[in-house]
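Asker: Starting off with a structure, shown below.
The values are calculated or read from the model by the stated rules, or taken from the named source; none is laboratory data. Keep in mind that this is a model prediction, so the values were computed, not measured. Every residue, glycine among them, receives a Cβ derived from its backbone with ideal geometry; neighbour counts consider all protein chains shown. The accessibility values were calculated without ligands, DNA or RNA, using every heavy atom of the protein model including side chains. Shrake-Rupley method; radii C 1.70, N 1.55, O 1.52, S 1.80 Å.
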Amino acid sequence: MNAVDSSLHRSKQDGEVRTDWTRDEIGALFDLPFTELMFRAQSVHRMRFDPTKVQLSTLLSIKTGGCPEDCAYCPQSAHHETELKASKLIDTQEVLKAAAQAKAAGSSRFCMGAAWRSPKDRDMDDLCEVVEGVKAMGLETCMTLGMLTGPQAQRLKGAGLDYYNHNLDTSPEFYPQIISTRTYQDRLDTLAHVRDAGMNVCCGGIVGMGESDADRVGMIHALATLPGHPESVPINLLVQVEGTPLAGADRVHPIEFVRTIAVARIVMPASMVRLSAGRKDMTDELQALCFLAGANSIFSGEKLLTTPNPGEDRDGALFARLGMTTDACAGRG
Ligand code: SAM
Ligand code: DTB
Ligand code: SF4
């Protein structure tokens, strides 16, 4: 059987939600002819989602810089000399103002990020107040605050937090070259606490950190074999920031990035796949390929957490050109 015949045979099961994917199966998807991979990804995408819709989330950094962790990609780590100024947890009113702007711009989810290893128990009252306020505005709420204990996850859920973002970032093998201050298992433990508290999980990774093809397979495998698939899977393209150890890392070929999105779509068929960091430097054509590969969510606005994002005007023009619309109900994740 040639490659296309055998993949057509396998496609009979495409769309089934499975957490028993093997690395070989995932590697075989990455190795498909590009046209075949894209057809499979699009077919799976259309089983559960409207391919003309994109969900928008907006990010706000609520506590910037000075982070004790040593993530090699991150401009907010105190271990690296970047130009970023550290600041304290911002005021609830300031968060609510930004959330109102995000809502007016068509965003359905407001994601708040803090450059922490983990929140301190003394921060929990403020965080819960913020969640309650944003939720009351009719937005979905998401936070990414580092590691959580079980009780912290439960408190946030109690305040109305809908999603928690905590990424695996890369394969378990490559991970130690990127972060030394927390382990892969620490991340899995936080994800379990989030799940146990009944929150939706937003968990993905980064492409373009100098990882091998096998590491991209390993990253998708780790995500697709979590006890339940994350409702939301952000795929970030490394934003290289001067002063971080990964500034100047070899760039990944754009087609490899699109392949990563397509494979994520096929192996996690019911999840939202978010085309996340790195869009500022992508052409419209590359972003269009990512949507064809099954990405159905983006971060909107001028800024991610600390680095630039395309902004409303460019995104609006892109969606108009593609005949796609933004939709709070693009999907469930
Ligand atoms: N401090 C918390 C943590 O790491 O758990 C939350 C915020 S952290 C900035 C959230 C995620 O942003 C990271 O896990 C990483 O995947 C992504 N990220 C950070 N810097 C990035 C960069 N330069 N390029 C692409 N993604 C990045
Ligand atoms: C995710 O996976 N990507 C977002 C969000 N989750 C928190 C963050 C991207 C950060 C990019 C670098 C910055 O702006 O600081
Ligand atoms: Fe800190 Fe998060 Fe950046 Fe790592 S990714 S240095 S934990 S802010």
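Asker: If Lys103 satisfies every condition in (1) within 13 Å of ligand 2 (Cβ to nearest atom); (2) open to solvent by 40 Å² or more (accessible area, probe 1.4 Å); (3) within 22 Å of the chain's Cα centre (by Cα) but one, which is the exception?
Answerer: The one condition Lys103 does not meet is (1).
Asker: Being among the hydrophobic types (A, V, I, L, M, F, W, C) and within 20 Å of Ala153 (Cβ to Cβ) is the filter here; which residues of region 169-219 pass it?
Answerer: Narrowing region 169-219 to residues among the hydrophobic types (A, V, I, L, M, F, W, C): 174, 178-179, 188, 191-192, 194, 197, 199, 201-203, 206-207, 209, 214, 217, 219.
Leu188, Leu191, Ala192, Val194, Ala197, Met199, Val201, Cys202, Cys203, listed by residue number.
Asker: Within region 170-193, take every residue that is in contact with a helix residue (DSSP H, G or I) (Cβ under 7 Å, 6 or more places away or on another chain) and in a helix (DSSP H, G or I) and give me the one that is surrounded by the most Cβ atoms within 10 Å (Cβ to Cβ). Explain how you work it out, then say what you get.
Answerer: Filtering region 170-193 for residues in contact with a helix residue (DSSP H, G or I) (Cβ under 7 Å, 6 or more places away or on another chain) gives 170-175, 184, 193.
Applying the additional criterion that residues be in a helix (DSSP H, G or I) yields 175, 184, 193.
Details: Tyr175: 22, Tyr184: 17, His193: 19.
In this case the residue turns out to be Tyr175.
Asker: State all residues of region 195-214 that are under 19 Å from Ile261 (Cβ atoms) and either crowded, with 21+ Cβ neighbours inside 10 Å or under 17 Å from the mean Cα position of the chain (by Cα) (or both); if no residue qualifies, say none.
Answerer: The answer is Val201, Cys202, Cys203, Gly204, Gly205, Ile206, Val207, Gly208, Met209, Glu211.
Asker: For region 155-167, does any single residue satisfy the condition of being among the acidic types (Asp, Glu), within 30 Å of Gly316 (Cα to Cα) and modelled with pLDDT of 95 or more?
Answerer: Taking region 155-167 and keeping what is among the acidic types (Asp, Glu), we get 162.
Still in the list and also within 30 Å of Gly316 (Cα to Cα): 162.
Still in the running and modelled with pLDDT of 95 or more: 162.
Looking through region 155-167, at least one residue is among the acidic types (Asp, Glu), within 30 Å of Gly316 (Cα to Cα) and modelled with pLDDT of 95 or more.
Asker: Further question: Report yes if some residue within region 55-67 is over 29 Å from Thr307 (Cβ atoms), in contact (Cβ under 8 Å) with a residue 12 or more places away in the chain and touching a Lys or Arg at 6+ places or on another chain (Cβ under 8 Å); otherwise report no.
Answerer: No.
Asker: Give the number of residues within region 134-148 that are surrounded by 18 or more Cβ atoms within 10 Å (Cβ to Cβ) and closer than 11 Å to Ala159 by Cβ.
Answerer: 3
Asker: Among the residues of region 191-215, what is the count of those that are touching a residue at least 60 places away in the same chain (Cβ under 8 Å), closer than 30 Å to Glu83 by Cβ and of a type outside the set (A, V, I, L, M)?
Answerer: 3
Asker: Something else about it: Before we move on, is Glu173 away from ligand 1 (no atom under 13 Å from the Cβ), at pLDDT 95 or above and either in contact with a strand residue (DSSP E or B) (Cβ under 9 Å, 6 or more places away or on another chain) or over 27 Å from His221 (Cα atoms) (or both)?
Answerer: Working: away from ligand 1 (no atom under 13 Å from the Cβ): yes; at pLDDT 95 or above: yes; either in contact with a strand residue (DSSP E or B) (Cβ under 9 Å, 6 or more places away or on another chain) or over 27 Å from His221 (Cα atoms) (or both): no.
The answer is no for Glu173.
Asker: Give region 161-187 a look and list any residue that's of a type outside the set (Ser, Thr, Tyr), without any contact (Cβ under 8 Å) to a residue 60 or more places away in the chain and farther than 16 Å from Ala214 by Cβ, or say none.
Answerer: Looking only at region 161-187, we keep the residues that are of a type outside the set (Ser, Thr, Tyr), and these are 161-162, 165-169, 172-174, 176-179, 182, 185-187.
Remaining after also requiring without any contact (Cβ under 8 Å) to a residue 60 or more places away in the chain: 161-162, 166, 168, 172-174, 176, 185-187.
The answer is Leu161, Asp162, His166, Gln185, Asp186, Arg187.
Asker: Could I ask something else about it? For His79, are the conditions met, namely being within 16 Å of ligand 1 (Cβ to nearest atom), out of contact with any Leu (no Cβ under 6 Å at 6 or more places or on another chain) and either without any contact (Cβ under 8 Å) to a residue 12 or more places away in the chain or under 20 Å from Glu231 (Cβ atoms) (or both)?
Answerer: Answer is yes for this residue.
Asker: In addition: Of all residues in region 106-138, how many are in a loop (DSSP other than H, G, I, E, B), more than 21 Å from the chain's Cα centre (by Cα) and away from ligand 3 (no atom under 16 Å from the Cβ)? Outline the logic, then answer.
Answerer: Of the residues in region 106-138, the ones in a loop (DSSP other than H, G, I, E, B) are 106-108, 115-120, 137-138.
Checking which are more than 21 Å from the chain's Cα centre (by Cα) leaves us with 120, 137-138.
Filter once more, so that each one left must be away from ligand 3 (no atom under 16 Å from the Cβ): 137-138.
Of the residues in that region, 2 qualify.
Asker: Those residues that are of a type outside the set (S, T, N, Q) and either under 16 Å from the mean Cα position of the chain (by Cα) or under 25 Å from Met112 (Cα atoms) (or both), I need them from region 283-303; list them, please.
Answerer: Answer for region 283-303, where residues must be of a type outside the set (S, T, N, Q) and either under 16 Å from the mean Cα position of the chain (by Cα) or under 25 Å from Met112 (Cα atoms) (or both): Cys290, Phe291, Ala293, Gly294, Ala295, Ile298, Phe299, Gly301, Glu302, Lys303.
Asker: Which of the residues belonging to region 26-70 are of a type in the set (A, V, I, L, M, F, W, C) and either part of a loop (DSSP other than H, G, I, E, B) or closer than 24 Å to Asp213 by Cβ (or both)? Steps first, answer last, please.
Answerer: Initial filter on region 26-70 (of a type in the set (A, V, I, L, M, F, W, C)): 26, 28-30, 32, 34, 37-39, 41, 44, 47, 49, 54, 56, 59-60, 62, 67.
Passing the criteria: Ile26, Ala28, Leu29, Phe30, Leu32, Phe34, Leu37, Met38, Phe39, Ala41, Val44, Phe49.
Asker: Could you pull out the residue among Gln42, Gln13, Gln55 that is of a type outside the set (Phe, Trp, Tyr), open to solvent by less than 60 Å² (accessible area, probe 1.4 Å) and more than 16 Å from ligand 2 (Cβ to nearest atom)? Give the steps one after another, and end with the answer.
Answerer: Numbers: Gln13 fails: open to solvent by less than 60 Å² (accessible area, probe 1.4 Å); Gln55 fails: more than 16 Å from ligand 2 (Cβ to nearest atom).
The match here is Gln42.
Asker: Tell me which of these Tyr73 doesn't satisfy, since it passes every other one: (1) part of a loop (DSSP other than H, G, I, E, B); (2) under 26 Å from Cys128 (Cα atoms).
Answerer: In the conditions (1) part of a loop (DSSP other than H, G, I, E, B); (2) under 26 Å from Cys128 (Cα atoms), Tyr73 misses (2) alone.
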